[in-house]
Amino acid sequence: MIRSEAKGIPYYSFGALAEHEQIVHAVFTRLGGVSAPPYRALNVGHSVGDEPVAVGANHDIIYRALGLSRAEVVTACQVHSNHTAIVDERDVGQVIPQTDALITGVPGVHLFLRFADCLPIFLFDPERQVVALGHAGWRGTAAAIASQMVQAMRDSFDTDPEHLIASLGPAIGPCCYQVGEEVARAIEPTIQDQQAAIRHLGDSCFSLDLWEANRQQLLRRGVSNVEVGRICTACHADEFFSHRADRGVTGRFAALLGLRKPS
């Protein structure tokens, strides 16, 4: 991944997406905001216990860094599901309920989700000019949210999976993500190479690779162009919010994706 700064605010981007000038995309860190500990500093989560004024200011910091406004952004109430929503200019400024993936083909509509160990999934169809942004923890992965996103793009925009560019962002890595047998068994049916994504550590303990599990789901749907940004949020809790490393008391970092309006 490419680390950059805009107006003094650090963020990451993907090489494959950066080649397309019509795309606005970024994964922000926890750095550069105004929230006090334990939400230091660029927390964008309204439901974690942070001061609402600080959270709102952090959103504005991100929008200014990318040259956007609140009136150009749509987000979702994330519930660890595989629910997707198609959004357009009527949805900007809104929070879509009970949803973990947003899709749009409208320039100027920017998708915004929040993370703290879960996996950001970016999809771009350069042929149909459609973007999708998803949120995949273990529950969303077990429910095959990556696959659902591709299917929704096919159904609504006639996307050919072979044309899709997929990018998987910072998330908790298998180095730090130990799960129980029930989680491992829930994810196994959604992937082909189970040993590549789920490693048995002994007894009923497994390590889970969210990147690999979701990459396999995309491959099964016919998406071959997949870029994986293997930055572990738990290993780098100084730079990213991590629910596990911060023992459940932490903020949320932002991911944003959209199509630029024509000049």
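How many nm separate the modelled label positions at Ala36 and Glu21, each set 7 Å beyond the Cα in the direction of the Cβ?
It works out to 4.6 nm between the two label points.
What is the log10 of I(q)/I(0) for region 106-263, computed with the Debye formula using one identical point scatterer on each Cα and no solvent, at q = 0.09, 0.13, 0.19 Å⁻¹?
Debye curve over Cα of region 106-263, log10 I(q)/I(0) at q = 0.09, 0.13, 0.19 Å⁻¹: -0.29, -0.60, -1.17.
Test of understanding: given the chain, find the longest segment containing no GluC sites (Glu not before Pro) that are in a DSSP loop and have at most 11 other Cβ atoms within 10 Å. It would help to have the intermediate numbers written out before the result.
Details: sites that count: Glu19, Glu21.
That would be 22-263.
Return a whole-number percent for the relative contact order of the chain, with Cα pairs under 8 Å and 6 or more residues apart as the contact set.
This gives 24 percent for the chain.
Between rounded, prolate and oblate, where does region 207-263 land on the alpha carbon gyration tensor, with a ≥ b ≥ c its root eigenvalues, rounded for a/c under 1.5, else prolate if a/b exceeds b/c?
Judged from the Cα gyration tensor, region 207-263 comes out oblate (a/c at least 1.5, b/c at or above a/b).
Taking trypsin sites (Lys or Arg not before Pro) as candidate sites, keep only those in a DSSP loop with at most 11 other Cβ atoms within 10 Å, then name the longest stretch of the chain containing none of them.
Counting only loop sites that pass the neighbour cut-off, the longest clear stretch is 8-246.
Per residue of region 19-31, what does 6.51 cos²θ - 1.76 cosθ + 1.60 with θ = phi - 60° give for ³J(HN,Hα)? Whole Hz please, x for Gly and Pro, Karplus curve as stated.
Values per residue, Gly and Pro as x: 5, 10, 5, 7, 9, 10, 8, 6, 10, 8, 9, 8, 9 Hz.
Give me the percent relative contact order of region 177-263, please, defined on Cα pairs under 8 angstrom at least 6 residues apart. Mind dumping the intermediate values first?
Numbers: 75 pairs, mean separation 15.6, N = 87.
Relative contact order, region 177-263: 18 percent.
Across region 248-263, in residue order, what do the Karplus-derived ³J(HN,Hα) couplings come to in whole Hz, using 6.51 cos²θ - 1.76 cosθ + 1.60 with θ = phi - 60° and x for Gly and Pro?
For region 248-263, the Karplus curve yields x, 10, 6, x, 9, 9, 9, 10, 9, 8, x, 9, 5, 6, x, 5 Hz.
I want to check the label-to-label distance for Asp203 and Gln98. Put each point 7 Å from Cα in the C-beta direction and report it in nm to one decimal.
Using points 7 Å along Cα→Cβ, the separation is 3.8 nm.
Please compute the length gained on full extension between His163 and Val53, using 0.36 nm multiplied by the number of residues separating them and subtracting their Cα-Cα distance. Please report the intermediate quantities before stating the final value.
Numbers: separation 110, 0.36 × 110 = 39.60 nm, distance 4.16 nm.
Working it through step by step, the gained length comes to 35.4 nm.
Measure off 7 Å from each Cα along the Cα-to-Cβ vector at Arg244 and Ser69, then give the distance between these two points in nanometres to one decimal.
Once both label points are built, they end up 4.2 nm from each other.
Over region 1-100, what is the relative contact order in percent, taking alpha-carbon pairs closer than 8 angstrom and at least six residues apart? Kindly include the intermediate steps, with their values, before the conclusion.
On the way: 145 pairs, mean separation 17.3, N = 100.
Reported relative contact order: 17 percent.
Once phi is turned into ³J(HN,Hα) by the Karplus curve 6.51 cos²θ - 1.76 cosθ + 1.60 with θ = phi - 60°, what whole-Hz value does each residue of region 76-87 show in order, with x for glycine and proline?
Couplings: 9, 8, 7, 10, 6, 10, 10, 6, 10, 9, 8, 10 Hz.
Mind sorting Val131, Val150 by how few other Cβ atoms lie within 10 Å of their own Cβ, fewest first?
Val150, Val131
Between Asp60 and Asp88, take the C-beta separation as r, use R0 = 25 Å, and let me know the FRET efficiency to the nearest 0.05.
E between Asp60 and Asp88, to the nearest 0.05, is 0.60.
In whole angstrom, note down how far apart the Cα centers of region 186-263 and region 1-80 are.
19
Got a sec? Which residues in region 219-233 would a label at Asp193 touch, if it sits 7 Å along Cα→Cβ and we count backbone N under 19 Å?
Correct set: 219-231.
For a quick check: with amide H placed at 1.01 Å from N, whose amide H comes under 5 Å from Ala136's, ignoring anything fewer than 5 positions away on the same chain?
Here the answer is Leu119, Ile121, since their amide H atoms fall under 5 Å of that of Ala136.
Given the -39500 (n - 2.57) contribution per DSSP H run of 4+ residues, what per-residue ellipticity at 222 nm results for the chain, rounded to the nearest 500 deg cm²/dmol?
Counting only the DSSP helices, I get -6000 deg cm²/dmol.
If you take the charge dipole of the chain about its Cα centre, with +1 on Lys and Arg Cβ and -1 on Asp and Glu Cβ, which of His80, Gly105, Ser47 is farthest toward its positive end?
Ser47
Each value in this text was obtained by applying a stated rule to the coordinates, not by laboratory testing. Being a predicted model, the structure only gives us computed values, none of them experimental. No Cβ is skipped: glycine too gets one built from the backbone with ideal geometry, and neighbour counts run over all protein chains shown.
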